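Working notes, structure below.
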Amino acid sequence: MTGLLNNVAAALAPSGSACDRDAIDRGCITCGDVAIPLSVLRVDGERGLALCKDDDGNSETVEIELVAPVAPGDRLLVHAGTAIARLSEESPV
Amino acid sequence: MKHVDEFRDPALGRVLAGEILGLVEAGRHYKFMEVCGGHTHSIYKYGIDDLLPANVELVHGPGCPVCVIPMGRVDDAIALAHEDNVIFTCFGDMLRVPGSEGSLLDAKAEGADIRMVYSPLDALRIAKSNPERDVIFMAIGFETTAPSTALTLRRAKSEGVKNFFCMCNHVTIVPPLRALLDSPDLRLDGFIGPGHVSTVVGVRPFEFIPREYGKPIAVAGFEPLDVLHAIHMILTQLKEGRCEVENQYARVVPYEGNPRALEVMAEVFELRPHFEWRGMGFISQSGLKLSKAYADLDAELRYAVPGVRVADPKACQCGEVLKGVIKPWECKVFGSGCTPERPIGTCMVSSEGACAAYYNYGRFAREREVV
């Protein structure tokens, strides 16, 4: 039991250097079931697109039709260039 | 990072791991399948399997879109890429998937104009910048990705883009789950349901699992606490004699999914009668093709594709891995003949593939165990 609990902290904290991890950590964001949270910077409502950025500051153009209307500051779950869900402000564990 | 850091809290992880230990019955072996490759990736990345009691086993399911593409479809893609005047676009992981005579990356080295894109929208952008050439987008993925392809095709149609085509390999999650549940090879006690597929399709499509097969399922997020929490929910159901679909990922997944996404998918796609899955054979009504209204954008109608069924290499046991019958390291070529740098099978290609995830994270722990 103690061993198990000791393992928890170690296992929950990813090890290895940041650069090693970078490529692997991203997972297969383009085609897998993984999506990433992005924040809306600017909205082009007419074209159904928004400029969004991730928490590292990288930006990309995102289809917003499935979650429209959106406003700057909104948090979206984005997969393959398309926002598939909104993230609510509260985050219940 | 908001919405992420809270779900990597080691203190809460300790509490959950302790509670999970209290829920298992000694002498009973529990076998849960995580359907989605994203979960497989998280499980190995965070060492979640090391936190579980020895009698709770996680089996990796068929939910990695790259891994389930059969060799024949890769050959079809390469044939399309070699057509005159074609720019062939696909997601990065797909480039390295081996066909019977090499991968798309090999075809690119031979001179085919193959470009990696991050989204279907990128592919459409390439089409608009190259109006004199045909641009084909190789669409792969489950219901998470299909809406993105559908929206882009609708955009291409409405903007009158005439040189954009789609080779559709989208698949749906329920038919392979049914095939697995009907398989005599595998006895499962419960499922960790796919989080982001459910964002689109909702929770309802999984209700057949408890209703018809008597197995509990918890739709889960992808952070370590999400996965532990889902395991906790399934074990609690088993302990209390309940059997239902629970939504661990309610902060993102609505019960009904995303109706607008389902609507655009219904407009752009229709079910194929059969689609071949690597290692699982043909599964009825498990794949999508472009609907009649979008037939003009169908690359397989514009160009002839070989459409030949190619058997998997004999050494490769991706099929057994995808069905959860063997663990990645039990494959004869794992880590020797088959590595992420030179994959033989698809499960070693995508970082969501069980073999690649295990190769990248888990094998070191196992080496320690063996030594």
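What is the residue count in segment A:41-74 for residues that are out of contact with any Lys or Arg (no Cβ under 7 Å at 6 or more places or on another chain), over 17 Å from B:A156 (Cα atoms) and facing chain B (nearest Cβ under 10 Å)?
Adding up the residues that qualify gives 5.
Residue check, B:F191 against (1) surrounded by fewer than 24 Cβ atoms within 10 Å (Cβ to Cβ); (2) more than 11 Å from every other protein chain (Cβ to nearest Cβ), all met but one. Which one?
Result: B:F191 fails condition (1) only.
Name the single residue that is nearest to B:C36 (Cα to Cα) among those in segment B:335-351 being surrounded by fewer than 24 Cβ atoms within 10 Å (Cβ to Cβ) and free of Cβ contacts under 8 Å to residues at least 60 places away in the same chain. Spell out the reasoning first.
Residues of segment B:335-351 surrounded by fewer than 24 Cβ atoms within 10 Å (Cβ to Cβ): B:335-337, B:339-342, B:344.
Pick out the ones that are also free of Cβ contacts under 8 Å to residues at least 60 places away in the same chain and you get B:335-337, B:339-342.
Working: B:G335: 22, B:S336: 26, B:G337: 26, B:T339: 21, B:P340: 19, B:E341: 23, B:R342: 24 Å.
For segment B:335-351, the residue satisfying everything is B:P340.
Given the structure, is A:S91 modelled with pLDDT under 90 and at the interface with chain B (Cβ under 7 Å from one of its Cβ atoms)?
Judged against the criteria, A:S91 is a match.
Please work out which one of (1) more than 30 Å from B:L301 (Cα to Cα); (2) without any contact (Cβ under 8 Å) to a residue 40 or more places away in the chain; (3) more than 10 Å from chain A (Cβ to nearest Cβ); (4) within 27 Å of the chain's Cα centre (by Cα) is the condition B:D5 fails and give its number.
(3)
Could you list all residues from segment B:50-89 that are within 9 Å of another protein chain (Cβ to nearest Cβ), outside any loop (DSSP other than H, G, I, E, B) and surrounded by fewer than 24 Cβ atoms within 10 Å (Cβ to Cβ)?
Matches in segment B:50-89: B:D50 only.
Starting from segment B:69-86, take each residue that is of a type in the set (V, I, T) and list its partners that are in a loop (DSSP other than H, G, I, E, B), counting only C-beta distances under 6 angstrom and pairs at least six apart or across chains.
Final answer for the pair search is B:V74/B:V97.
What tally of residues in segment B:64-96 results from selecting those that are among the β-branched types (V, I, T) and in contact with a Gly (Cβ under 9 Å, 6 or more places away or on another chain)?
From segment B:64-96, those among the β-branched types (V, I, T) are B:66, B:68-69, B:74, B:78, B:86-87, B:89; that's our starting set.
Then keep just the ones that are in contact with a Gly (Cβ under 9 Å, 6 or more places away or on another chain); that gives B:66, B:68, B:74, B:78.
Going through segment B:64-96 one residue at a time, the tally reaches 4.
Could you please find all residues in segment B:237-285 being touching a helix residue (DSSP H, G or I) at 6+ places or on another chain (Cβ under 6 Å), among the small types (G, A, S) and within 14 Å of chain A (Cβ to nearest Cβ)?
Answer for segment B:237-285, where residues must be touching a helix residue (DSSP H, G or I) at 6+ places or on another chain (Cβ under 6 Å), among the small types (G, A, S) and within 14 Å of chain A (Cβ to nearest Cβ): B:G257, B:A261.
In segment B:216-323, which strands (runs of 3 or more DSSP E) lie fully inside it and hold 1 or more residues that are under 28 Å from A:I84 (Cβ atoms), at pLDDT below 95 and in contact with a strand residue (DSSP E or B) (Cβ under 6 Å, 6 or more places away or on another chain)? If you could, list the steps in order and put the result at the bottom.
Values: elements: B:217-219, B:245-247, B:269-271, B:274-277, B:281-284, B:288-290.
The qualifying strands (runs of 3 or more DSSP E) are B:274-277, B:281-284.
The values are calculated or read from the model by the stated rules, or taken from the named source; none is laboratory data. Just so we're clear, the structure is a prediction, and the values are computed from it rather than from any experiment. In this analysis, Cβ positions are derived from the backbone assuming ideal geometry, glycine residues included, and neighbour counts consider all displayed protein chains.
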